[in-house]
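The values are calculated or read from the model by the stated rules, or taken from the named source; none is laboratory data. Because the structure is a prediction, the values reported are computed rather than measured. Here the Cβ positions follow ideal geometry from the backbone for every residue, glycine too, while neighbour counts run over all protein chains shown. With ligands, DNA and RNA removed, areas are computed over all heavy atoms of the protein, side chains included. Shrake-Rupley method; radii C 1.70, N 1.55, O 1.52, S 1.80 Å.
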Amino acid sequence: MQITEIFKSIQGESTYSGMPCVFVRLTACNLRCSWCDSEYTFTGGKKMSPEEVYEAVESFSPNGGLVEVTGGEPLLQEKEVIPFMQRLLDSGYTVLLETSGERPLERVPRAVVKIVDVKCPGSGEGDTFLPENLESLNSNDEVKFVLSDRTDYEYARSFVRRHDLARRVNAVLFSPAFRKHASGTRDASHCLLDPQELAEWMLADDIPARLSLQMHKFIWDPAMKGV
Ligand code: SF4
């Protein structure tokens, strides 16, 4: 497996936010989202066997707990990643998989909690979501829309309604995009879309989604890696 980093931090997104979590960040991505904060994963990394990665996870969290497999796009290494996630599950870990929605999800074990992005137009990667992935979503899973403006919001709102998304999954997340090179202050001024404005739109539309802020960027300097 090509690995950019393995670390333990506080889960910053999803309904698991606030919980201690081991992150396994895989190298490489086939998309180029305009606001991507993980460009350092596009190249480099270190080759590790699944056994070595498992041992690293175990050293951070020997008694089970939460593990997130992320990237980059982890499903580009599907052949190794799927058995690796199954091994984590078999050992009693709760496994989250953060993925772009552009990769097929059908072979991901059902017990893995999939946190699936639907890319909106402002990302520059709109319409990359694979429609057949809707059938692979279940009531453990979460679908996330990262929003940078009103156009993105309307795209997300329409997608949620058209596919009755709130009934298919555990949570629909609306998350304001963060400025790519944000650093210094730990506040909402770095959001491309003001969370207050987003909250007001969501209330006005009675949208069945959860407003999600990236908690780790309010705890640590938003430029900090490995948190
Ligand atoms: S899918 Fe994720 S890692 Fe890839 S470019 Fe988009 S935000 Fe960055």
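Okay, here's what the table says:
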| quantity | calculated |
| --- | --- |
| Count of region 111-121 residues which are more than 17 Å from Ser91 (Cβ to Cβ) and either away from the ligand (no atom under 16 Å from the Cβ) or open to solvent by less than 50 Å² (accessible area, probe 1.4 Å) (or both) | 7 |
| Region 4-15 - residue that is assigned to a loop (DSSP other than H, G, I, E, B) and crowded, with 17+ Cβ neighbours inside 10 Å and, of those, farthest from the ligand (Cβ to nearest atom) | Gln11 |
| Residue match in region 123-130 (condition: among the charged types (D, E, K, R), under 22 Å from Ser38 (Cα atoms) and more than 16 Å from the chain's Cα centre (by Cα)) | yes |
| Test set (1) out of contact with any helix residue (DSSP H, G or I) (no Cβ under 9 Å at 6 or more places or on another chain); (2) of a type outside the set (Gly, Ala, Ser); (3) under 17 Å from Lys225 (Cβ atoms) - Trp35 fails condition number | (1) |
| Flag if Ser183 is hydroxyl-bearing (Ser, Thr, Tyr), farther than 19 Å from Ser17 by Cβ and at pLDDT below 90 | yes |
| Qualifying residue in region 178-189 (condition: surrounded by fewer than 19 Cβ atoms within 10 Å (Cβ to Cβ), small (Gly, Ala, Ser) and in a helix (DSSP H, G or I)) | yes |
| Extreme residue, farthest from the ligand (Cβ to nearest atom), among residues of region 24-54 that are within 21 Å of Pro109 (Cα to Cα) and open to solvent by 40 Å² or more (accessible area, probe 1.4 Å) | Glu51 |
| Flag for Lys225 being in a loop (DSSP other than H, G, I, E, B), under 30 Å from Pro109 (Cα atoms), open to solvent by 60 Å² or more (accessible area, probe 1.4 Å) and charged (D, E, K, R) | yes |
| Search result, residues across region 141-160 that are part of a helix (DSSP H, G or I) and without any contact (Cβ under 8 Å) to a residue 40 or more places away in the chain | Thr151, Glu154, Tyr155, Ser158 |
| Filter result (farther than 22 Å from Thr15 by Cβ and not in a helix (DSSP H, G or I)) within region 48-62 | Met48, Ser49, Pro62 |
| Conditions (1) acidic (Asp, Glu); (2) open to solvent by less than 80 Å² (accessible area, probe 1.4 Å); (3) away from the ligand (no atom under 16 Å from the Cβ): number failed by Glu132 | (2) |
| Subset tally (residues that are touching a residue at least 40 places away in the same chain (Cβ under 8 Å), within 16 Å of the ligand (Cβ to nearest atom) and among the hydroxyl-bearing types (Ser, Thr, Tyr)) for region 55-102 | 2 |
| Close pairs (9 angstrom Cβ cut-off, 6 or more residues apart or separate chains): closer than 15 Å to Asp152 by Cβ and of a type in the set (Phe, Trp, Tyr) in region 198-211, assigned to a helix (DSSP H, G or I) and open to solvent by less than 30 Å² (accessible area, probe 1.4 Å) anywhere | Trp201/Tyr153 |
| Which numbered condition Met1 fails, given (1) more than 16 Å from the ligand (Cβ to nearest atom); (2) within 23 Å of Val146 (Cα to Cα); (3) open to solvent by less than 20 Å² (accessible area, probe 1.4 Å); (4) in contact with a helix residue (DSSP H, G or I) (Cβ under 8 Å, 6 or more places away or on another chain) | (2) |
| Number of the condition not met by Leu198 [criteria: (1) of a type in the set (A, V, I, L, M, F, W, C); (2) open to solvent by less than 30 Å² (accessible area, probe 1.4 Å); (3) in a loop (DSSP other than H, G, I, E, B)] | (3) |
